Amino acid sequence: MSASLSEAEIKQIQTRIIELELEHRDLDQLIEQLVLDPRFEELHIKRLKKRKLKIKDELMMLKNRLIPDILA
């Protein structure tokens, strides 16, 4: 699909991917810390995990946009 994307669009997608990867990693670290701390509610941790999954889905969608279509 990248053949139909301009260089500016590709750069914008790549930048967004980097931002999301950083946020995903930060959430992962935060979740690991909160799981060990009994003061935090399970509901809060579940919400963070849900956010992390949404980020992962968006990452996959953006990465797929950068893969060129291959004619079989």
Original post:
For the chain, what is the convex hull volume of the alpha-carbon atoms per residue, in Å³?
Top reply: 82 Å³
Original post:
Between D57 and D28, 0.36 nm times their residue separation minus their Cα-Cα distance comes to what?
Top reply: 9.0 nm
**OP:** Could you tell me which of L20, L59, F40 has its Cα farthest along the dipole of the chain towards the positive end, charges placed at Cβ (Lys, Arg +1; Asp, Glu -1), taken about the Cα centre?
**Re:** F40
Original post:
When we measure straight from the Cα of K46, which aspartates and glutamates land under 13 angstrom away, once same-chain ones fewer than 8 places off are left out?
Top reply: D28, E32
Original post:
Using θ = phi - 60° and the Karplus form 6.51 cos²θ - 1.76 cosθ + 1.60, what ³J(HN,Hα) does each residue of the stretch 8-21 get, whole Hz, x for Gly and Pro?
Top reply: 5, 5, 4, 4, 5, 5, 4, 5, 5, 4, 4, 4, 5, 4
**OP:** Using θ = phi - 60° and the Karplus relation 6.51 cos²θ - 1.76 cosθ + 1.60, list the HN-Hα couplings for the stretch 35-52 in order, rounded to whole Hz, with x at every Gly or Pro.
**Re:** 4, 7, 9, x, 6, 8, 6, 4, 4, 4, 5, 4, 5, 5, 5, 5, 4, 4
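Where nothing but the Cβ of Lys and Arg (+1) and of Asp and Glu (-1) is charged, how large is the charge dipole of the chain around its Cα centre, in debye to the nearest 20?
220 debye
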**OP:** Per DSSP H run of at least 4 residues, take -39500 (n - 2.57); add these up for the chain, divide by its residues and hand me the 222 nm value, nearest 500 deg cm²/dmol.
**Re:** -27500 deg cm²/dmol
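Read the figures in this text as sums done on the coordinates, not as results from a lab. Owing to the predicted nature of the structure, the values given are computational and were not obtained by experimental measurement. We place every Cβ from the backbone using ideal geometry, glycine too, and count neighbours over all the protein chains shown.
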